[in-house]
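For reference, the structure discussed in these notes is given below.
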Amino acid sequence: AIDLSWPESCDHACGLYNTGNTCFLNSALQCLLHTPPLLRQVFSHNKEKCKPFCMVCAFRQVTVQAHKGSSPFSPSPVSGRLQTIAKHMRRGRQEDSHEFLRYAIDAMQKSCLAGFPPKAEAKLGEATWVHKIFGGRLRSRVSCQNCDHNSDTFDRILDLSLDIMRADSLKEALRSFISPDFLKGADKYKCEKCKKHVNAEKRFTIHEAPSVLTVHLKRFSPLGRKIGHHVIYDEHLNLQPYMSKGQYGFTYSLYGVICHAGGGPNSGHYFAFVKSRSGRWYEMNDEMASPISGPPVSKKTAYILFYMR
């Protein structure tokens, strides 16, 4: 079981210095530094089996300094190993905050599975505390419109990426995510029961809801153009309407937001809003940590939303 409560030694982190286009990294780290179950796990991390570079150890160093100190500092245990975490990322170059977040959490997953043979990693992937905190499961169901046979496939996820091109709210983007696609004409589906090509309906649903739900609003097109319109989101979110039939969806509370100001993923500026143990909200803008009044709901520049059940 994962303990979702705050460690008593933590409340809110201090600021992080920007050491040259590192706002993408700082904003992601700040949201992780305010994820209570993650803090509990890194504090109890056993360092004996660690390889030369362990993402959990590196994040633990940053966590201790961020929550014990009051002065801004450079998160060099992580930022100094950027290319170890993500080979294609370069120090001094603006990178995408969501992409860094994905690689950082994947690196923690690798640290949890260090020492196991590769074949065992696939089987043990869902048993790690990383997956128990951030992990969920999607179901893709294809329904034959000839014989009503359903074919299901399941995919593990560590966050949920939502298309916002035609959505003005988070709920609208979620409804669009679970709306059916129709397979017909040249895209007909070969039914495994009928043994012939038929019209079919394909639909995604959330099959297992995560403890910590990370929602990535897809603000950048494949060509790098920014989708800048306002997407409304609330402090609380009920996932039940978007679940597979018969599956339980939690109610979540917002605790972190990463915002992006600027024109594209490799330019502009990233900053974050986070909720402390005492329930107070802070704007974390590199080295600046400023208290704000109330939750940062419906920020026009919101890019990644962090919810906890």
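The values are calculated or read from the model by the stated rules, or taken from the named source; none is laboratory data. What you are looking at is a predicted structure, and each value in this text was computed from that prediction instead of being measured. No Cβ is skipped: glycine too gets one built from the backbone with ideal geometry, and neighbour counts run over all protein chains shown. Please note that ligands, DNA and RNA were not included when accessible areas were found on the heavy atoms of the full protein model with its side chains. Shrake-Rupley method; radii C 1.70, N 1.55, O 1.52, S 1.80 Å.
Of the residues making up region 262-293, those that are free of Cβ contacts under 8 Å to residues at least 40 places away in the same chain, surrounded by fewer than 17 Cβ atoms within 10 Å (Cβ to Cβ) and not polar (S, T, N, Q) are GLY262, GLY263, GLY279, PRO291, ILE292. Return yes or no: is GLU172 open to solvent by 30 Å² or more (accessible area, probe 1.4 Å), in a helix (DSSP H, G or I), over 30 Å from ASP3 (Cα atoms) and not small (Gly, Ala, Ser)? In short, yes. When LEU32, LEU16 are screened for being open to solvent by less than 10 Å² (accessible area, probe 1.4 Å) and within 19 Å of the chain's Cα centre (by Cα), only LEU32 passes. Is it the case that LEU124 is more than 28 Å from LYS275 (Cα to Cα) and assigned to a helix (DSSP H, G or I)? Here the answer is yes, as LEU124 does meet what is asked. Looking across region 43-56, the residues that are without any contact (Cβ under 8 Å) to a residue 60 or more places away in the chain, assigned to a helix (DSSP H, G or I) and either surrounded by fewer than 22 Cβ atoms within 10 Å (Cβ to Cβ) or not hydrophobic (A, V, I, L, M, F, W, C) (or both) come down to PHE43, LYS47, GLU48.
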